[in-house]
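**Student:** Provided herewith is a single structure, encoded as C-alpha cells, for subsequent inquiry.
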Amino acid sequence: MSTDPIVLAMTGASGAPYGIRLLQQLLTAQRPVSLIVSSHGFRLLRTESDVGDVAGLRAAAGSGAWDSFVTLFDDADRGAGPASGSAKSAGMVVCPCSMGTLASIAAGTSRSLVERAADVTLKERRKLILVTRETPLSAIHLENMLRLTRAGAVVLPAAPGFYHRPTEIAQLVDFVVARILDQLGVQQSLVPRWGDPPTE
C-alpha cells in the first residue's frame, strides 16, 4: 500500500455528500490525504451537508482519523506542496468537480491550488479523477471532458447504478464512492460487485 498522500479537492458542484463520504473512506483505509476545499466547495458543504467550516468537516470525517491522516491546504496558496511535481502523491481526485474547475484544468490556467495540483498530476502522469456532477451537458462541457480524457484524466460522473437495489440515499452515494476507490486502488466493500452474491 502506498504511503504517498492522495490529493482530494472539493469544489462547488452539487455533490458534497460524495466528497465527505470519500474522505471518510480514505481515512478508514488509513490513507494520508492532502485536502483542498475551494471557497465554493465550503459554500456547497454548508448548503448540502450542514458542514459550515473546517471544524465541521473534521467532525464529519472523524476527528481522530483527521488528525492522523489529513493535511489541509488553502486553495489560494499556489505555492503549497501539491503545487509541485516534486511532492509525491498517489494521485488526485476532484470530488465533486464543477464545470468551471473542469474547464480551468482543461485549459491549464492554474489560478488556484486545486487547478495547479490537477495540472501537476497530469504532467507527472499520475492518476487524476474528476467526479463531475452536472446535467444536462453542453458541447463545451463534453469537449473539455474529451480534452482531459485525452490528456490522461479519468472523468467519473457521479452517476449511481441501481443493480444493487438501493433503498437509501447513502447507498447511492456509496455506489459512486466505491467506483472512485476502485480507480485509486483502495480496497473497499461498500457495494456488491456485479455477479457477486447479495449480502445479507
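The values are calculated or read from the model by the stated rules, or taken from the named source; none is laboratory data. Since the model is a prediction, treat every value here as computed from it, not as a measurement. Cβ placement follows ideal geometry from the backbone for every residue including glycine, while neighbour counts extend to all protein chains displayed.
**Student:** Got at least one residue in region 135-153 being in a loop (DSSP other than H, G, I, E, B) and under 19 Å from Q24 (Cα atoms)? Break it down stepwise before answering.
**Tutor:** Going residue by residue through region 135-153, those that are in a loop (DSSP other than H, G, I, E, B) are 135-138, 152-153.
Those left that are additionally under 19 Å from Q24 (Cα atoms): none.
No: region 135-153 contains no residue that is in a loop (DSSP other than H, G, I, E, B) and under 19 Å from Q24 (Cα atoms).
**Student:** Any residue in region 118-134 that's within 13 Å of S104 (Cβ to Cβ): show its pairings with residues that are among the hydroxyl-bearing types (S, T, Y) and modelled with pLDDT under 95 at Cβ separation under 7 Å, as long as the two are six or more apart or on different chains.
**Tutor:** Going by the 7 Å Cβ cut-off, the qualifying pairs are D119/S110.
**Student:** Oh, and also: Find the residue count for region 106-133, including only residues that are within 22 Å of V176 (Cα to Cα) and more than 14 Å from the chain's Cα centre (by Cα).
**Tutor:** 1
**Student:** Going through region 108-123 one residue at a time, which ones are β-branched (V, I, T) and touching a helix residue (DSSP H, G or I) at 6+ places or on another chain (Cβ under 7 Å)?
**Tutor:** Answer for region 108-123, where residues must be β-branched (V, I, T) and touching a helix residue (DSSP H, G or I) at 6+ places or on another chain (Cβ under 7 Å): T109, V114, V120.
**Student:** All but one of (1) buried (at least 20 other Cβ atoms within 10 Å of the Cβ); (2) modelled with pLDDT of 95 or more; (3) within 21 Å of I20 (Cβ to Cβ) hold for A170; which doesn't?
**Tutor:** Condition (1) is where A170 drops out.
**Student:** Within region 107-121, count every residue that is β-branched (V, I, T) and modelled with pLDDT under 95. Explain how you work it out, then say what you get.
**Tutor:** To start, the set of residues in region 107-121 that are β-branched (V, I, T) comprises 109, 114, 120-121.
Right, trim to modelled with pLDDT under 95 and you get 109.
Result for region 107-121: 1.
**Student:** Checking I180 against (1) outside any loop (DSSP other than H, G, I, E, B); (2) in contact (Cβ under 8 Å) with a residue 60 or more places away in the chain; (3) surrounded by fewer than 15 Cβ atoms within 10 Å (Cβ to Cβ), which single condition isn't satisfied?
**Tutor:** (3)
Residues are listed down the side, and each one gets a yes or a no for (1) of a type in the set (S, T, Y); (2) at pLDDT 95 or above; (3) in contact with a strand residue (DSSP E or B) (Cβ under 6 Å, 6 or more places away or on another chain):
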residue: T3; (1), (2), (3): yes, no, no
residue: V7; (1), (2), (3): no, yes, yes
residue: G19; (1), (2), (3): no, yes, yes
residue: Q24; (1), (2), (3): no, yes, no
residue: V33; (1), (2), (3): no, yes, yes
residue: V37; (1), (2), (3): no, yes, yes
residue: V54; (1), (2), (3): no, yes, no
residue: A59; (1), (2), (3): no, yes, no
residue: V70; (1), (2), (3): no, yes, yes
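**Student:** Return yes when P157 is outside any helix (DSSP H, G or I), without any contact (Cβ under 8 Å) to a residue 40 or more places away in the chain and over 18 Å from the mean Cα position of the chain (by Cα) and no when it is not. Before the answer, list the steps.
**Tutor:** Working: outside any helix (DSSP H, G or I): yes; without any contact (Cβ under 8 Å) to a residue 40 or more places away in the chain: yes; over 18 Å from the mean Cα position of the chain (by Cα): no.
Judged against the criteria, P157 is not a match.
**Student:** With a cut-off of at least 3 residues that are of a type outside the set (G, A, S) and surrounded by fewer than 18 Cβ atoms within 10 Å (Cβ to Cβ), name the helices (runs of 4 or more DSSP H) lying wholly within region 19-133.
**Tutor:** On the way: elements: 39-49, 54-61, 63-69, 99-107, 113-123.
In region 19-133, the matching helices (runs of 4 or more DSSP H) lie at 39-49.
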